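Structure record follows, encoded as structure tokens.
The values are calculated or read from the model by the stated rules, or taken from the named source; none is laboratory data. This structure is a prediction, so every number in the text was calculated from the model and none was measured. In this analysis, Cβ positions are derived from the backbone assuming ideal geometry, glycine residues included, and neighbour counts consider all displayed protein chains. To get the accessible areas, we keep the full protein, side chains included, count just its heavy atoms, and leave off ligands, DNA and RNA. Shrake-Rupley method; radii C 1.70, N 1.55, O 1.52, S 1.80 Å.
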Amino acid sequence: MPTKLQFWAGYHLDRLNYAHQQRFNFLLFGLSLLAVGALLRRSCPGLPVWAVCAFLAFALSPRAHQAFAWAHDSTHHYAMLGFFGAVLCLFRDELAWPWAAAGAACALTSIVSHSLGLPAIAAVWLAFCAVHAGRGRGPSAPAAGAAAPTPGSGAPIRGVALAIGAALVVWLLFYPARPSRIPATAFWTMRYWRFFFNLVSWGFGSEQISLTLGMLCFCVAAYPLFRRLRDRPSPSEAAAPAALLGLLAALAGVALGRAAIGLDYSKASRYAAVAVWLVPLSAAAWHRALRGSSRLPSALAAVWLLAGLGHFWQWDFSVYRLEAEDRRAGLACVRAYYGGRGPDVCPTVYYAPLAEQLDRARRLGIAFTRTSAD
């Protein structure tokens with residue numbers, strides 16, 4: 001829905017200039033980068049700013065270039081930005097109504113932006129409910145050093161839990177899913193798990209199709225979640241683990257819907273824009289699990305080195321130049337079609353005939369039709 005509203009606004013502002021839409025995708029991604037940085041600063045007290053930046057740097061790799069090449073891929077960015085915004089707003093030791101309302105709005109944005117937002121927000125919602133249920137079990141409930149529940153905070157907590165829960169139920173019951181040519185892959189099959197684990201290793205930069213490497217990366221990401229599973233953390237302490245759990249749930253949803261295509265698809269460029277956040281969130285989870293331990297620096301260094309080895313050869317930004325060359329070839333093809341000198345098949349734009357779409361775009365006065373006219 002946010003992408004449709006964005007395109008509607010773009011049509012009325014500049015006749016839907018796709019270049020502007022693509023630039024807006026970079027802005028949304030930048031906001032997600034800031035949100036994850038703020039999450040790390042809150043979840044990892046004492047972690048130097050340079051270390052936070054070192055873990056965030058992997059997100060700047062051109063590996064996720066496909067998520068910026070298509071204007072409509074703002075769907076991914078809205079989903080992730082809403083997801084991180086929900087975690088930042090909701091996992092606070094003192095949840096006032098303004099933060100509760102903002103968190104619910106961010107969660108709803110993620111849910112209605114992309115299908116990966118549903119499992120991600122569902123996992124965060126479950127973590128939110130579990131954390132606050134744990135705090136209500138008496139004086140001993142909070143972890144050592146955690147803030148006690150504040151008087152009057154129960155109403156915003158109940159309100160946001162009901163609002164997000166209702167949104168999830170409404171989506172599941174009433175979302176008009178269109179028929180898909182790709183069948184869902186059952187989670188009890190090895191095809192599903194191979195795809196899922198390779199998605200996880202993709203987040204750490206590995207292009208190699210390997211179940212073993214994928215399971216290693218999963219253990220690095222998930223182990224700190226289970227290490228202190230019996231703790232009753234404060235909401236602020238639970239923020240990073242909840243975000244990591246939500247991200248793993250999002251990747252599990254991707255595997256459900258895409259594993260049938262083939263194992264190579266787990267390394268699709270646009271999924272790197274989602275999976276790459278595993279690196280900073282894993283670091284934050286390890287920071288919480290080993291806080292005060294002499295092993296913490298070694299654990300953080302191991303997470304960084306694992307991601308660094310995977311991303312080592314992935315800093316060639318010429319992929320954007322190649323994409324630009326394809327777009328120029330596509331523009332020349334479209335110009336030839338409008339001038340009656342060429343076919344309606346432009347391989348660098350789309351693999352199928354485009355006559356119907358190009359004619360409709362010209363009737364609507366879409367921006368690219370003006371630059372394509374002779």
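Within the range 288-296, can one find any residue that is in contact (Cβ under 8 Å) with a residue 40 or more places away in the chain and either crowded, with 20+ Cβ neighbours inside 10 Å or in contact with a Lys or Arg (Cβ under 7 Å, 6 or more places away or on another chain) (or both)?
Applying the first criterion (in contact (Cβ under 8 Å) with a residue 40 or more places away in the chain) to the range 288-296 yields 288-290.
Those still in the list that are either crowded, with 20+ Cβ neighbours inside 10 Å or in contact with a Lys or Arg (Cβ under 7 Å, 6 or more places away or on another chain) (or both) too: 288-289.
Checked the range 288-296: at least one residue is in contact (Cβ under 8 Å) with a residue 40 or more places away in the chain and either crowded, with 20+ Cβ neighbours inside 10 Å or in contact with a Lys or Arg (Cβ under 7 Å, 6 or more places away or on another chain) (or both).
The conditions are (1) polar (S, T, N, Q); (2) under 27 Å from residue 59 (Cα atoms); (3) in a helix (DSSP H, G or I), and residue 357 fails exactly one of them. Which is it?
(2)
Give just the number: which of (1) closer than 30 Å to residue 43 by Cβ; (2) within 31 Å of the chain's Cα centre (by Cα); (3) outside any helix (DSSP H, G or I) does residue 285 not satisfy?
(3)
Would you check if residue 249 is open to solvent by less than 10 Å² (accessible area, probe 1.4 Å), closer than 30 Å to residue 118 by Cα and among the small types (Gly, Ala, Ser)?
Taking the combined requirement at face value, the residue does not satisfy it.
Can you run down the residue pairs with Cβ atoms below 7 Å, 6 or more apart or on separate chains, where the first is in the range 1-24 and in contact (Cβ under 8 Å) with a residue 60 or more places away in the chain and surrounded by fewer than 16 Cβ atoms within 10 Å (Cβ to Cβ) and the partner is hydrophobic (A, V, I, L, M, F, W, C) and part of a helix (DSSP H, G or I)?
14/367; 15/367
Does the range 191-213 include one or more residues that are open to solvent by 90 Å² or more (accessible area, probe 1.4 Å), among the aliphatic types (A, V, I, L, M) and either farther than 26 Å from residue 133 by Cα or out of contact with any strand residue (DSSP E or B) (no Cβ under 6 Å at 6 or more places or on another chain) (or both)?
no
Any chance you could count how many residues in the range 92-132 are over 10 Å from residue 82 (Cβ atoms), of a type outside the set (Gly, Ala, Ser) and either open to solvent by less than 10 Å² (accessible area, probe 1.4 Å) or part of a helix (DSSP H, G or I) (or both)?
The total comes to 14.
Rundown of residues vs (1) more than 17 Å from residue 69 (Cβ to Cβ); (2) of a type in the set (Lys, Arg); (3) exposed (fewer than 14 other Cβ atoms within 10 Å of the Cβ), yes/no style:
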| position | (1), (2), (3) |
| --- | --- |
| 304 | yes, no, no |
| 308 | yes, no, no |
| 314 | no, no, no |
| 328 | no, yes, yes |
| 340 | yes, no, yes |
| 344 | yes, no, no |
| 350 | no, no, yes |
| 353 | yes, no, yes |
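If you scan the range 34-67, which residues turn out to be open to solvent by less than 20 Å² (accessible area, probe 1.4 Å), assigned to a helix (DSSP H, G or I) and in contact with a Lys or Arg (Cβ under 9 Å, 6 or more places away or on another chain)?
Within the range 34-67, 43, 52, 64, 67 meet the criteria.
Quick check on the range 133-179: of everything there that is farther than 25 Å from residue 112 by Cβ and at pLDDT 65 or above, which residue is surrounded by the most Cβ atoms within 10 Å (Cβ to Cβ)? It would help to see each step written out before you state the result.
At the first step, the residues of the range 133-179 found to be farther than 25 Å from residue 112 by Cβ are 133-155.
Pick out the ones that are also at pLDDT 65 or above and you get 133-135, 153-155.
Numbers: 133: 13, 134: 16, 135: 22, 153: 19, 154: 13, 155: 12.
Here the residue is 135.
Here are some residues: 126, 108, 95, 116. Which one is modelled with pLDDT under 95 and closer than 18 Å to residue 172 by Cβ?
116
Pick from 279, 274: which is out of contact with any Lys or Arg (no Cβ under 6 Å at 6 or more places or on another chain), of a type in the set (Val, Ile, Thr) and under 15 Å from residue 44 (Cβ atoms)? It would help to see each step written out before you state the result.
On the way: 274 fails: under 15 Å from residue 44 (Cβ atoms).
The match here is 279.
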